[in-house]
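None of the figures in this text is laboratory data; all of them are computed from the coordinates on show. As the structure is a prediction and not an experimental result, all values here were calculated from the model. Quick reminder, even Gly has a Cβ in these numbers, built from the backbone with ideal geometry, and neighbours come from all protein chains shown.
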Amino acid sequence: MEQQRDESQLPDSRGFFGPYGGQFVPETLMPALQELETTYNEAQADTSFQQELEMLLRTYVGRPTPITYAKRLSDALGGAQIYLKREDLAHSGAHKINNALGQALLARRMGKQRLIAETGAGQHGVATATAAALLGLQAVIYMGTVDMARQKPNVFRMQLLGAEVRPVESGSRTLKDAINEAIRDWVTNVRTSYYLLGSALGPHPYPRMVRNLQSVIGREAREQMLAADGPGRWPDTIIACVGGGSNSIGIFYPFLDTSSQMIGVEAGGLGIAGGQHAARFADPKQGRPGVLHGTYSYLLQDEDGQIALTHSISAGLDYASIGPEHAYLRDQGRVTYTYATDDAALDAFLQLSELEGIIPALESAHAVAEAIRLAPTMSPEQIILINLSGRGDKDLDSVMQALRQREEEKHESS
Amino acid sequence: MNHHNGERVAAAFATFRGQPTAAFMPYWPLGYPTLDASVAIVSALAAAGADLLELGLPFSDPLADGPTIQAATQQALANGMNSRRAFDLIREIRHRGVKQPLLLMGYYNPILAYGTEKFCRNATAAGVDGFIIPDLPPEAAGPLASTAADLGLAMNFLLAPNSTAERIRLAAKATTGFLYLVSVTGITGAREGVPSDLAAFVAQVRKETTSPLAVGFGVSRPQQAAAIASIVEGVIVGSALVRLGVGEGALAKVVDLARSLSEATKGALPA
């Protein structure tokens, strides 16, 4: 069930996690956000809504997703024992479906036939298109043309599922710009359309709602770690990648009251120094709190407050801001944030594929990279749990290209 | 010295209360098409019958704006516009003798990045009379609004056709200048005709407040401006002017349209 510990505390009634969060949107959206919050609160208290969601998660998404012991990877690293929460096995290939399905049910409850969504890696777009097909709703997906080029299979998947994919040519032509266009569509069609935001960001109540819907990941993991197939105790360390921050908050949130250490891994791109990354917390020069897409949180920006262009090999992490609850958890010292570069993520992608027969999404490969760095510093009695948020089929083109580039660079330097 | 302050904003609209005419407020993005040209255009708009002027401060991600203003503000950014230069340009506009109330329209993040207090102080010193911040609803405006109030800057909040009575009262209470009625649910951009539900929207707002009302978003033609002028105190036009802003004879085209819009808001329609 959806009910959460501490739900009464954070975010507060105006959507703030400490100083972060809130609702910084055009007036046209304020009534829509209030309607959404009311509907969501009612749905949370409505047993039949929760039962339908749970039934679909079980019979359609394939939940619970298993926990896999990554024995060969653990042995190769010679430190902590590594377990994977297998969101890559959720229907449509990533954790995104947990949120998309829940929100699509809300849209139907509100009588909205048309779903609007943005997508970076395409996983949220695919999840939204999937939920729309299942529930008989219309889906319009905004996607930057840079992302369309690097996630081609997902574009076709969305189209196969009956969604309309609208290319976004403005700005950096990535996730940020897709969100701008999705919001412009929502402002225009606010009476008939539901904005199905894909991450734990944006204006209140989205960060809270997406967190709660994704918390199914952590709730399952809590039980599975103690079950017969699990290690019999909770992890010492939980690692997840952080773009907007939905898979990470989904696994972290239910463990906040345990003694597990938590690490969020941002996209380090080509390294922090050159500015070509999406590591909001790691770059003191560009990363400062500010307002983007309706929420106050850490934000990569220039000194004039213009949003910085980001870079990551992974489209899903290539975003200038981060969910407000992550900014709060970082301030509290409850979660530590680090980053993995494109190169480290690529190495992790290869290593997990070869050693475990699991091809991770490039996003998730950032979390694997941190585990690869950290595990050898830990003892074999210790346990790391990685949220493997998605599968890597969509990334094969990007990886092939990156490997070719690596070869060429090797030749040039030899 | 210019005697600019927020009270002038409400006063400029209040003159038209109960009249079939209205104030004309053109919008122009500072720094577009070039820094210097924007000063010349704003000064020309002031001479072409603008009663107040709305000056745009560019932002990389203007999510309330349509393609015309997106493109113009992107160009302004490429020209090096930022808050500091905006204040320089506004000083220059005042120096050229523009006396009308000047409203700065910008998204919240560049203001935050500049520092809200410093932004308010420097805006006042440059000759700004008030703010329009599309992504800052009244409940989020607290810190900025209190500094603005101390300095006498007018805070002007927006209302949309789907705003509830409760939200109308909230915006009216927070507004110290005028209420900016967004003519349709949507983004900025030139449109034809007057939305059929505009009169009902205006009537609904009137029920809750006596603040001056101005209508913007989608106003592009003198006929529209005249029709809107008959029911509110102000008519705001942006994209229709901005899209004329480049190419040969741009200044003259912008001024011609502004003049006919201004005349339309005063009851004179071109044949």
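Mean-square fluctuations from a GNM of chain A, with a 10 angstrom spring cutoff on Cα atoms, peak among A:Gln113, A:Gln151, A:Gln401 at A:Gln401. The trypsin sites (Lys or Arg not before Pro) of segment A:6-78 that DSSP puts in a loop, and whose beta carbon has at most 11 other beta carbons within 10 Å, are A:Arg14. Taking amide H positions as placed 1.01 Å from N in the peptide plane, with prolines and chain starts having none, which residues 5 or more places from A:Gly269, or on another chain, fall under 5 Å of its amide H? Here the answer is A:Ala278, A:Ile313, A:Asp342, since their amide H atoms fall under 5 Å of that of A:Gly269. Look at the stretch B:108-119: the mean tally of other chain Cβ atoms within 10 Å of its residues' Cβ atoms is 4.
Using a ≥ b ≥ c from the Cα gyration tensor of segment B:47-193 (square roots of the eigenvalues), is it rounded, prolate or oblate, where a/c under 1.5 gives rounded and otherwise the larger of a/b and b/c decides, a/b for prolate? Taking the square roots of the gyration eigenvalues as a ≥ b ≥ c, segment B:47-193 is rounded. Each residue of the protein assembly as shown gets 156 Å³ once the volume of the Cα convex hull is shared out per residue. In the distance distribution for segment A:227-309, Cα-Cα pairs more than 21 Å apart total 42 percent. Taking the empirical scaling 2.2 N^0.38 Å for compact globular proteins as reference, chain B has a Cα radius of gyration ratio of 0.91. How much of the DSSP beta bridge set in chain A is antiparallel, as a percent to the nearest 5? The antiparallel proportion sits near 35 percent. The modelled label-to-label distance between A:Thr38 and B:Ala47, using points 7 Å beyond Cα along the C-beta direction, is 5.3 nm. Near A:Lys85, which lysines are there with a Cα under 18 Å away, not counting those fewer than 8 places off in the same chain? By straight Cα distance, A:Lys85 reaches A:Lys71, A:Lys96. The mean count of C-beta atoms from other chains within 10 Å of the C-beta of residues in B:135-143, rounded to a whole number, is 5. In plain terms, the chain from A:Asp393 to A:Arg191 could stretch by 69.0 nm, reckoned as 0.36 nm per residue minus the Cα-Cα distance. Scanning residues 5 or more positions from A:Gly120 or on other chains, those with amide H under 5 Å from its amide H are A:Gly125, with H placed 1.01 Å from N in the peptide plane. With a cut-off of 14 Å between beta carbons, the residues surrounding A:Asp177 carry a summed charge of -4, where Lys and Arg count +1 and Asp and Glu -1. So for segment A:289-348, what percent of the C-alpha to C-alpha distances run longer than 14 Å? Summing the P(r) tail past 14 Å for segment A:289-348 gives 63 percent. Adding -39500 (n - 2.57) for every DSSP H run of four residues or longer, then dividing by how many residues chain B holds, sets the calculated 222 nm ellipticity at -13500 deg cm²/dmol.
Taking Lys and Arg as +1 and Asp and Glu as -1, the other residues whose beta-carbon sits under 15 Å from that of B:Leu159 total -2. Distance between the C-alpha centres of segment B:18-93 and segment A:242-280: 40 Å, rounded to the whole angstrom. For peptide B:158-168, the mean count of partner chain Cβ atoms within 10 Å of a residue's Cβ comes to 4. Residues whose amide H falls under 5 Å from that of A:Gln261, counting only those 5 or more places apart or on a different chain, are A:Thr237, A:Ile238, with hydrogens built in the peptide plane.
Looking at segment A:233-290, the trypsin sites (Lys or Arg not before Pro) that sit in a DSSP loop and have at most 16 other Cβ atoms within 10 Å of their own Cβ are A:Arg233, A:Lys285. Once you reduce segment A:13-78 and segment A:389-414 to the center of their Cα atoms, the two points are 33 Å from each other. Placing unit charges on each Cβ (+1 for Lys and Arg, -1 for Asp and Glu) gives chain A a dipole about its Cα centre, and among A:Thr310, A:Gln50, A:Thr336 the Cα reaching farthest toward its positive end belongs to A:Gln50.
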